[in-house]
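So the structure is just underneath, and the comments pick up after that.
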Amino acid sequence: MPVQSVPLLDLKAQYARIRDEIEPVVKEVIESQYFIMGPKVQEFEKNVAKYCNVKHTIGVSSGTDAILLSLMALDIEPGDEVITTTYSFFATAGCISRLNAIPVFIDIDPESFNLDPSLIEAKITNKTKAIIPVHLYGQMADMDPILKIAKKHNLKVIEDAAQAIGSEYKNGKRAYHKMIGGNFRLDALQAAVLNVKLKYLDSWTERRQANADYYDEWIIKNSLDQVIQTPKRLSGYRHIFNQYILQTENRNELIKHLNDDNIGCEIYYPVTFNNQECFKYLGYKKGDFPIAEKAADETIAIPIYPELTDDQKDYILNSMKNFYCG
């Protein structure tokens, strides 16, 4: 039967492949009545630490809480300044504001969509206490210059790696938060399920990378690279393709076309932080961060999940070809 629709993400397909491993551990947690902390959480923290090549990890209830806890652990106080990107999931900047600290935004690199390290030093003042780089879409920010600047100015660095577990930077530095206490605890059911999923993480990444290769080669072969910018793989990095992001001037029209063909797609960050109403008090204006604002206006995510079939990928790609070539 020919493909007639493709969701942006198909977690049901993922679950179907690991159902026989998930259901017993969920039952085990329920029968133990150990829903908060306990052995399943400890096991998960140990396994993640090993996977990420770090001494310790602490499981918390969300990526948002991970950022908030990290800021609290560094004693970030009202009036302190924290430098970060203007283009990311809202929690990156929102957590800074929740502590009544001041987010200071910088623009992004046009290829990786991560913050541009060359713009950091111009934003440092005597109130600056930390830098939060974001490893966006599955590719790490350029950490060497960020860490060099932080050391020079005695600043702390918090890496927002919510989209990048398993990503690598220059010979395998893997990214993960180090967090300190608080009542943001990870529940045992999530830990039990994540322990199962962790075993598959590298194979899922390999499938995502293979899907990205398939897209890249097809787009070049059919000359769509003249109107579409595909994700860039930076030399020495391991891009896990948490999302596959295209950039095109016809983004909104392309979305309508894909939706008409029942293809899942998404604009992840349609408004940069400097243009958010809640950050109006910071004094930024439209045009202050032209690269990030261009990305907000022109980028689109298409399906990249590991369970995609070749038929589904071809359906997506032919739909895009029909849009651009008729």
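Observations, loosely collected:
- Asp65 vs. criteria closer than 24 Å to Lys129 by Cα and either modelled with pLDDT of 95 or more or of a type in the set (D, E, K, R) (or both): yes
- Scanning the range 153-171 for residues that are within 19 Å of Glu206 (Cα to Cα), open to solvent by 50 Å² or more (accessible area, probe 1.4 Å) and out of contact with any Asp or Glu (no Cβ under 8 Å at 6 or more places or on another chain) gives Ala162, Asn171.
- In the range 12-54, the residues that are in contact (Cβ under 8 Å) with a residue 12 or more places away in the chain, in a helix (DSSP H, G or I) and open to solvent by 90 Å² or more (accessible area, probe 1.4 Å): Arg17, Glu28
- Residue selected from the range 273-299 under the condition out of contact with any Ser or Thr (no Cβ under 7 Å at 6 or more places or on another chain) and among the aliphatic types (A, V, I, L, M), by the criterion surrounded by the fewest Cβ atoms within 10 Å (Cβ to Cβ): Leu282
- Lone qualifier among Ala130, Ala150 - being open to solvent by less than 10 Å² (accessible area, probe 1.4 Å), modelled with pLDDT of 95 or more and assigned to a helix (DSSP H, G or I): Ala150
- You will find that of Asp80, Asp109, the residue that is open to solvent by 40 Å² or more (accessible area, probe 1.4 Å) and under 28 Å from Glu277 (Cβ atoms) is Asp109 and no other.
- Taken over the range 205-250, residues that are open to solvent by less than 10 Å² (accessible area, probe 1.4 Å), over 20 Å from the mean Cα position of the chain (by Cα) and without any contact (Cβ under 8 Å) to a residue 60 or more places away in the chain amount to 1.
- The listed residues are Asp288, Asp297, Asp261, and the only one of them that is modelled with pLDDT of 95 or more, closer than 27 Å to Leu115 by Cα, in contact with a strand residue (DSSP E or B) (Cβ under 9 Å, 6 or more places away or on another chain) and not hydrophobic (A, V, I, L, M, F, W, C) turns out to be Asp288.
- Of all residues in the range 251-277 being in a helix (DSSP H, G or I) and acidic (Asp, Glu), the one that is nearest to the chain's Cα centre (by Cα): Glu277
The values are calculated or read from the model by the stated rules, or taken from the named source; none is laboratory data. Just so it is clear, the structure is predicted and the values come from calculations on it, not from any experiment. Note: ideal-geometry Cβ built from the backbone for every residue, glycine included; neighbour counts use all protein chains shown. Please note that ligands, DNA and RNA were not included when accessible areas were found on the heavy atoms of the full protein model with its side chains. Shrake-Rupley method; radii C 1.70, N 1.55, O 1.52, S 1.80 Å.
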